[in-house]
1. Would you work out the Kirkwood radius for the range 1-94? I mean one over the mean of 1/r across all pairs of different Cα atoms, in Å.
2. Ignoring GluC sites (Glu not before Pro) that are buried or in helix or strand per DSSP, and keeping those with at most 14 other beta carbon atoms within 10 Å, what is the longest stretch of the chain between them?
3. Simple spin-label model, 7 Å along Cα-to-Cβ: ARG103 to LYS274 in nm?
4. With label points built 7 Å along Cα→Cβ from the Cα atoms of LYS86 and ASN197, find their separation and express it in nm.
5. Answer with one residue from THR81, ASN197, VAL139: the one whose Cα lies farthest towards the positive end of the charge dipole of the chain, charges on Cβ with Lys, Arg +1 and Asp, Glu -1.
6. Normalised by the residues of the chain, what does the relative contact order come to in percent, with Cα pairs under 8 Å and at least six apart?
7. When the dipole is taken about the Cα centre of the range 1-118, and only Lys, Arg (+1) and Asp, Glu (-1) are charged at their Cβ, what size is it in debye, to the nearest 20?
8. Quick one: which of LYS3/LYS65; LYS3/LYS116; LYS3/LYS255; LYS2/LYS255; LYS2/LYS116; LYS145/LYS223 span more than 23 angstrom between C-alpha atoms?
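The values are calculated or read from the model by the stated rules, or taken from the named source; none is laboratory data. Everything numeric here is computed off the predicted structure, so don't read it as measured data. Don't worry about glycine lacking a Cβ; one is built from the backbone with ideal geometry, like all the others, and counts go over all protein chains shown. All accessible areas refer to the heavy atoms of the entire protein, side chains included, with ligands and DNA or RNA removed. Shrake-Rupley method; radii C 1.70, N 1.55, O 1.52, S 1.80 Å.
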Amino acid sequence: MKKTIWWIRRDLRLRDNATLHAALAHGDVIPVFVRDPHLGGAISARRQSFLWDVLKALDTSLRAKGSRLIFRNGTPESALTQLMHKTGATTIFAEEDYTPYARQRDEKIAKSLPLKLVQGQLIHHPLAALKADGTPYTVFTPFSKNWKALLPPTLDILPAPERMPAVPAELMSEDIPAGEQNPLFPASEAEAQRRLNSFTTETTESTEIFKENSVNSVRSVVKIYRYADERDRVDLDGTSSLSPYLHFGMLGLRKAVHNARQAISHGRDAASQKGAVTWLNELIWRAF
């Protein structure tokens, strides 16, 4: 069986990961994360600490499925070249990234290594969501309308693989740096899924105050339905608290959009739907 390298960048998850599925279809997968020194100075200490905890959680999840994470320090080109020679891997699969540095890095690596980029970070490739004249949108509202028009009726969410191929025993991993755990943001894919489900499907108590008679009314409602009214209230827990999980790809955008659309369709009235639509628009803003 051919060996492939799954080069993990900002897709630190097993569920709904198109790159991982493409790699598995091609051969026995070796999960690899490379600590790129170019990016180290641009990441705050707290964000780096969170990343190290995420990687440890991912390694735990991989081990539960028969695999494990290989961690390397160094430039991606050097680290990947060494790993390909050591393992005999024939292809490197990675999620396509669109930042200027990522594009330059990947173009350079693709000249010397068999790198295959898979669309997965966004739902629509940037070149697919353009104006009729082929130029990018510079105003959000028409962009969002076009973005929504391009969505298929349903988004198929890829499951996490039941089992993963074992990584060769002789292939050693460098130690993942120690991180300082943040109790407010547990670093794991499971936590990302828990928060998404809590925000989009689980009912919580909401207190409404009627000023004319100073009466408080408590009712149960799904949190996403209050998002439009409470997201800017610093005295309320009105946001999804999913930003770091989306940033590092512990939660896939397809799954987030899927849940937002489900919430819109299940909204009991226009006010509820407004909250879910507002959150969906925030996800589209990230793409914009």
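1. In the range 1-94 this quantity evaluates to 13.8 Å.
2. Of all site-free stretches, the longest is 1-161.
3. For ARG103 paired with LYS274, the spin-label model returns 3.9 nm.
4. Reported label-point gap for LYS86 and ASN197 is 3.7 nm.
5. Of the options given, the answer is THR81.
6. 23
7. Approximately 260 debye in magnitude.
8. LYS3/LYS255; LYS2/LYS255; LYS145/LYS223
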